[in-house]
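Only one structure is covered here, and it is reproduced in the block below.
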Amino acid sequence: MTLKITNISKTYSTGAVQALKNVTLTIPHGLYGLLGPNGAGKSTLMRILATLQEPDEGTISLEVSSPDSGHVIDVVNQKDEVRQTLGYLPQEFGLYPKVSAESLLDHFAILKGITTRRSRQVVVEALLRQTNLWDVRKQKLGGYSGGMRQRFGVAVALLGNPKLMIVDEPTAGLDPAERVRFLNLLSELGENSVVLLSTHIVEDVSELCTRMAIINKGEIIHEAEPLKAIEGLKGKIWRKIIEKSLLPQVELEHKIISTKLLGGSTVVHVYSGEEPVGFESVPPDLEDVYFSAMAGHYPQRAGLQPK
Amino acid sequence: MKFTEIFRFEFRYQWRHTSTWLLFGLFLLFGFLILRMVTLPDGTYLNAPGTIAFFTVFGSVIWVVIGGVVAGDAATRDRQTRMHPLMYTTPVSKLTYLGARFLAALAVNALILLSLFAGCLLSFYGPGAKTQFMGPFRLASYFTNYGFLALPTVVATTAIQFTVAALSGRAIASYVASILILIFSQFGGTTVHYALEWKVLGSLMDLLGTSIVVEMEGWTPIDKNTRLILLEGPWLWNRLLWFGLAAGALAFTYFRFRLGHVIPNTPWTRIFSRRSNPGRSPVLTSPDASDQGNRDTSPINLPNRFRQFGITTDVRQTLAIARTSFGMIARSRGGLTLVALLAIGTGLFAPEYMEWLGVPLLARTEEVLRTLTPALSSFKTQWIIIPFLTIFYAGELVWREREAGLNELSDTTPVREWVLLLGKFLGLSLVIITWVTFLMGAGIINQLVMKYHHFEIGVYLKALFGIQLTNYLLFALLVYAIHILVNQKYIGHMVAIGVYGYILFASMIGLEHNILIYASDPGWSYSDMLGFGPTITPWLWFKFYWVSWAFLLAVIATLFWVRSKEGGLHARFQRAKHRFAAYRPAFWMAVVLVAGSGGFIFYNTNVLNAYLNQADRLLMRAKYERRYGSYWNAPRPVLVRTRLQVELYPDEQKAEIAGTYQLVNRGKVAIDSIHLSTIPQDGIAAVSFNRPAFPMVLDDELGYRIYSLKNPLQPGDSLQMHFKMHIEPRGFSNTGVDASVVANGSHLTSDWMPVIGYQDDRRLRDVRDRSTHGLAPRTERPSLYDVAARNDTRHAEQIDLEAIVGTTRGQIGVAPGALRRTWTKGDRQYFHYATNAPIHNDYAFFSARYAVREAHWIPHSPRSGQTFPNPLPGSQPTVKPVTIQIYYHPDHDANVERMVKSAQASLAYYSREFGLYPYSHFRVLERPGPGRGMHAEPMTIDYQEGYSLMNPRPAGLDLPYHIMAHEVAHQWWGLFLSPAAVEGAGVLVESLATYSAMQVVEETLGYEHLLRYLSQMRLEYEVPRSRAAPPLLRANNQFMNYRKGPFALYVLRKYIGKDRVNDALRRMLRDYTPNPPLPTTLDFYRELQTVTPDSLHVMVHDLFAANTFWELETQRATAKQLKEGTWQVILELEARKMTVDSIGMETNVLMKDWIEIGVYAPTAKDQPSEKVLYLRKHRISTGKQTIILTVPEKPGRAGLDPNHLLIDLNPGNNTKKLKMEGVL
């Protein structure tokens, strides 16, 4: 099971913003994190993968390996086939307010091709229990809280055991416990599916993703395995605590990747091959990888692509 | 400050909307075009205040239907965009917020309707204006119409739209509010006003001004050109009431609206189904039950269930989507209840509208279906709500997921496009099926309340679920596809309504071919006699054609269905191109079906039959006149005898006719050629003469032939002409199939037969039509003073007729005359008829499975003292009994006995008063159709089924009896006495027949019954009717012929007595011959003057020779008891008399007329009618006058013309309750 994205570009006619520039990625099964700031093109990419948008250029193929023989689905042109293995959780969605969770999930089960009543009952019950919605299954969706709605969306996405799971910033509405649970769930699902998780929260990726890509302004600026990326930054991230007023001067002298306010003073991280004067070494974390990438400290990503 | 800012922002925001500009453009264009296209009758100006008022109302209706978007958007945009938490937390008061938003919407709407007026002005004064139809510019015409008609409509409608939208939180609710306003004001108001006759309530309900438009029917051309709509009388109250409603609605909004968090499911929001976007907004109203501990942290274990994708799944998915779609509409409050309520109301109120001229109708299914099955293109029906709701719910379904924000979840499910599309359409179809079931319920309730218990469920199913449902589903698919293709909800609604408007009004803009008007057909009818008859085959073909179109539309909609974020045109085309691969077979199949069925229909309507639209028909008539008009006065022989062999084949709808005409030269010169007019496009065959002749002109297209005789026909000589005709529908035409010969109820008239000579009747009559076709100007009918026209006696000529009618066994064939013989040959039955006295060349053949009721009438000798000879020439005064035969559909037997009684009484009365009935038979035959009247031919009367369905109350007005008496009277008036075809001819035919029938009614049913009849007829005076008219002698319309004429005769009779009036009538018959010159109303007027005393000649003049109106009023009426016990009554009266000419010019006339003064005793409770204490004619002059009388008893009411003999448009003030003064 591999998703191959090759040279995808997308430009919106309104405002002529190029949302994606020549994106190429290979996503194996497992949990894959797509990290990027707001407006980086994450959602556009996710929607293209979820058959909701069309790229201007490029191809996407989903290689399905099955025990006997594999086949390749053209995601752009074989939408019906993609949808049969797709689970999609959009960043933002609504629900019919006057329907109960159970009946709407049942409806979606039919739409997802689970047509026999018995199968639906089993699947719907299992999913509602898994998402902790079983006790409120009779309640109208209009009365659901944000977290409950998000979990309902997860249940819909999980219907029919998708082989391609696209989740767009799913953890925003979840409380910490739910978030962990959900990420575990995705990780488990990734054992034999492609699970693509987009987020702007670095922790989401650092904890569970086996691979990740960082996207900014429509371009993939870094693709790596999170642990290896952190490893690669060892000895290159330096920290200094300075007065806020000195920040402009430090910015002139060093390649600052991030600044944080901490109790009245400012903690500055810089990226440097050698130790800058007055800075101390810190063990890098994924956030440093992210900021380094954003600050442009990775060379051509082509060189970093796994063979 | 905040107020102006909110107003300014809102106004500018709306101003930049495409839909706002569309509306502006639309109304500008509408105002411009409609006033360029319209042609006005009777000399009304295009820029007359009345004309502008009419189009203001018309435009307002359109605006109400499509203009809801402005108020809806202003009221709900914050909530729909979920910006409301930002907006509501700013320091702006509720009054400022709502007030500014409302006023901005109001301003935009007011400007939109103002653009209608701009369009009008552009039309009037822009380039190419028709200045010849323009009056002087008058600013007040625009101001009053805008200020008193349009603006109040805008204020009230915007307020209600705003209220409903603001309180429900859904912009679309304003659209629903508009439809409800329209139904309430337009259909409710009209129904209450005219059908239920609660006039005050009806005119108050009328927001849009329809009642003013109706009232304008009664305006004279001068009125229309000068009179302004002002705030006065009921209209003032109407405007105040609607302003009050608007203010109330706004106040209600103010108190109910909350600048706060939106809580779902308050009662208000449920009225228009779903809340705005509740699913999307983070609502935290219910405790998060699952968060209360009990959290499952075990690893994920998803059951792996088998999924399959194939046709079974497609079907199940389709049904699932259909079910939820139906559920959504059914659960919304308006979805099923509106139609259900309307259906129940239609059923329960049936006794109020199921009547004709005050006579209740029999609620047979045939009759009930008339109100339940309007054509899709009919807008004068309450069921117009079904297309509107269909448009609305089609939009809701198409936008359902996107509005709930669920689309990204549902669009990515593995469901095929066609499944989504079909599923939703099935859901909508289920709703429509439910509505149609309600219609059936309405019919059954109707029959129950009318105490009719023979339910023909099979007929209901065919008419409602076969025909109506098909139309509604076709329409539903059209608007559904429009919503999908337009992909913008409000513009989708506008386009759908625009397309619906096209269906409604296509024929008015000259598009008549049913192949061009979606879902249309040549029409259908259902009748007890005929069933659906020959209408069903063309109907099925047209529906097959439109279903093919619907299929094609569905395929195209599937291709362009937006199932992603990509709504751009380019992306949609790309997607469609890609999807096309899968839908190619369906697409081409649909194209083939459309082309195939369209081709077949076109072959039928335009190849097998000539396709003629209205303009073509006018052109043909013009050509006929131009080409052959010069033969109008060519010498021609007279038809004296017709022999016909008519073979009817009801099951094949065909007829074979072989005929022989005996033609005589009655003129003084030899005739060298025979001219024939035949039915255009059809022609006749095998024309031959019993002497050498050869064709000179054979023009079957226009229907004219000329045969030149080798040896001219000398004066006094005669010749025979033989011809054959073959009548058979060739497929079907755009108007369906000719219904002359049908399975049961054939009615083949003499109009099919060739006519000798040029037919002047085919001329174009409308003055403007004549001028556009370059024909010499002629008035619509010849003037009363046109002496030459009196010498045209063609329509009065008489023939002998002998006919053999053959038809299938089991049917009775009927022709005029005595039945000589009947025989059977194979499976055919033959009937041989011959007349015993000459008849007009106007006859018909009938064939049906009739039941026959036979009766006789034995004439007595004419009444003593009657000296004039039997006026009917050529017939021996017979004392043989006359056979009366009623041929009726066996199920329609309710009125048969009263028909027999009426016929007997009428024959007896007229024979006694006017002269003997000349024929041996008197026949009445039923034929299929909804008409309620009858039609008289010599010795034969036919009527459509609608007559049979009248069901008079036991003691109520017996209209069928009266109609029968009227038609019998035509045997004297119209069929014996044929007046000259000039103005006023209708008075000598229809007025005299009605007046004669009134006498039969009086003699047999009593004077009370006559008064009941008169008061029912008088109601028609109350229908708004222009006072401008020519005098009765020059009568030119039905109202004058059927109402005003008989009334005038009745009034004269009240003045000079029945015998004197009948004397004048008898003199007309006595002096009549079918030779020129034929009589006119001038002759009749002379006879009336002869029988009237000199003192009343003025009255005869006022009634007949002038269009006279009286204004009679009792201003003060007092009474006091005199010493001797009698009572003195003092009446202060005011009287005035005027004449009104054809354009509405009034002239006061000095009056000195004999008018009744009446004094009546107070009505006691147990007395049905008032006791008359005094009733005598006094000479009343113009102006005020006092009359003092003495009566023996205590009077109650007194006044002038208490019996309303004279035409007074305000008859209520003729009499007054007496004021008692102290006893002397």
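Here, each number is a calculation from the coordinates, and none is a lab measurement. Given the structure is predicted, the values throughout are model-derived calculations rather than measurements. Glycine gets a Cβ as well: all are built from the backbone with ideal geometry, and neighbour counts include every protein chain shown.
Straight Cα distances below 19 angstrom link residue A:234 to the lysines A:255, with same-chain residues fewer than 8 positions distant left out. Applying a threshold of 31 Å to the alpha-carbon distances of B:880/B:1058; A:10/A:112; A:163/A:260; A:21/A:228; A:228/A:260 flags A:163/A:260 as lying beyond it.
Candidate cross-link partners of residue B:710 among the aspartates and glutamates, defined by an alpha-carbon separation under 19 Å and a same-chain spacing of 8 or more, comprise B:672. Look at the stretch B:401-411: the mean tally of other chain Cβ atoms within 10 Å of its residues' Cβ atoms is 6.
Dipole of the protein assembly as shown computed with +1 at Lys/Arg Cβ and -1 at Asp/Glu Cβ about the Cα centre; of B:387, B:141, B:1190, farthest Cα towards the positive end is B:1190.
Taking a span of 20 Å or more along the helix axis (Cα atoms) and a mean Kyte-Doolittle hydropathy of at least 0.5 as the rule, the DSSP H helices of chain B that qualify are B:18-37, B:49-66, B:94-125, B:151-168, B:233-256, B:333-348, B:417-449, B:469-486, B:489-505, B:536-560. Candidates B:1048, B:936, B:1079 compared by Cα position along the dipole of segment B:776-1103: farthest toward the positive end lies B:936, with charges placed on Cβ. The mean number of Cβ atoms from other chains found within 10 Å of a Cβ in peptide B:320-332 is 2, as a whole number. For segment B:138-227, averaging the sequence separation of C-alpha pairs within contact (under 8 Å, six or more residues apart) and dividing by the residue count gives a relative contact order of 20 percent. All C-alpha pair distances within segment A:235-282, sorted into 5 Å bins from zero, spread as 5, 24, 37, 24, 8, 2 percent across the bins. The P(r) of segment B:335-570 has a tail past 26 Å containing 43 percent of all C-alpha pairs. Per-peptide packing, taken as the mean over residues of other Cβ atoms within 10 Å, places B:197-203, B:974-980, A:183-189 in the sequence B:974-980, A:183-189, B:197-203 from highest down. Taking amide H as placed 1.01 Å from N in the peptide plane, residue B:841 has its amide H under 5 Å from the amide H of B:799, each at least 5 places away in sequence or on another chain.
Of all aspartates and glutamates in the structure, those lying under 12 Å Cα to Cα from residue B:1177, and not within fewer than 8 positions of it along the same chain, are B:1153, B:1156, B:1201. Does chain A classify as rounded, prolate or oblate by the C-alpha gyration tensor (a ≥ b ≥ c root eigenvalues; a/c under 1.5 gives rounded; else a/b over b/c gives prolate, otherwise oblate)? It is prolate, given that a/c is not under 1.5 and a/b is the larger ratio. Highest GNM mean-square fluctuation among A:34, A:111, A:286, for chain A modelled with Cα contacts below 10 Å: A:111.
Considering Cα pairs under 8 angstrom that are at least six residues apart, work out the relative contact order of segment B:776-1103 and quote it in whole percent. Contact order relative to length: 17 percent.
Taken residue by residue and averaged, Cβ atoms of other chains lying within 10 Å of the Cβ of A:109-121 number 6.
Relative to one another, the C-alpha centroids of segment B:408-449 and segment B:81-118 are positioned 36 Å apart.
What the Cβ-Cβ distance of residue B:1171 and residue B:1120 gives, at R0 = 22 Å and to the nearest 0.05, is a FRET efficiency of 0.65. Specify the inter-centroid distance of segment A:248-287 and segment B:705-737, based on alpha-carbon positions, in whole Å. Value for the Cα centre distance between the two parts: 112 Å. Annotation: Cα Rg of chain B relative to the compact-globule expectation 2.2 N^0.38 Å equals 1.08.
Considering only B:527, B:70, B:546, the residue lying farthest towards the positive end of the dipole of the protein assembly as shown is B:70, judged by Cα position with unit charges set on Cβ. In this Cβ point-charge picture (+1 for Lys and Arg, -1 for Asp and Glu), chain B has a dipole of about 2720 debye about its Cα centre. The three principal axes of the Cα atoms in the protein assembly as shown give end-to-end lengths of 145, 94, 62 Å, sorted in falling order. Rounded to the nearest 0.05, the FRET efficiency derived from the C-beta distance between residue B:771 and residue B:17 at R0 = 41 Å is 0.30. Over segment B:624-730, Cα pairs under 8 Å with separation of 6+ residues give a relative contact order of 32 percent. The phi-based Karplus calculation (6.51 cos²θ - 1.76 cosθ + 1.60; θ = phi - 60°) puts the 3J(HN,Hα) values of segment B:756-763 at 6, x, 6, 9, 5, 4, 7, 4 Hz, whole numbers, x for Gly and Pro.
For the listed peptides B:532-539, B:485-492, A:49-56, a ranking on the average number of other beta carbons within 10 Å per residue, highest first, reads A:49-56, B:532-539, B:485-492.
Once a ≥ b ≥ c are taken as the square roots of the eigenvalues of the Cα gyration tensor of segment B:954-1113, is the result rounded (a/c under 1.5), prolate (a/b larger than b/c) or oblate (a/b not larger than b/c)? Verdict is rounded for segment B:954-1113. Springs between Cα atoms under 10 Å define the GNM used for chain A, and in it the highest mean-square fluctuation of A:17, A:156, A:72 occurs at A:17.
Computed packing ranks the peptides B:1173-1183, B:399-409 as B:399-409, B:1173-1183, most packed first, by mean other Cβ atoms within 10 Å.
Between amide H atoms placed 1.01 Å from N, distances below 5 Å from residue B:1107 occur with B:1140, all of them 5 or more places distant or on a separate chain. Stretching residue B:633 away from residue B:853 to a fully extended chain increases their span by 74.6 nm, per 0.36 nm per residue minus the current alpha-carbon distance.
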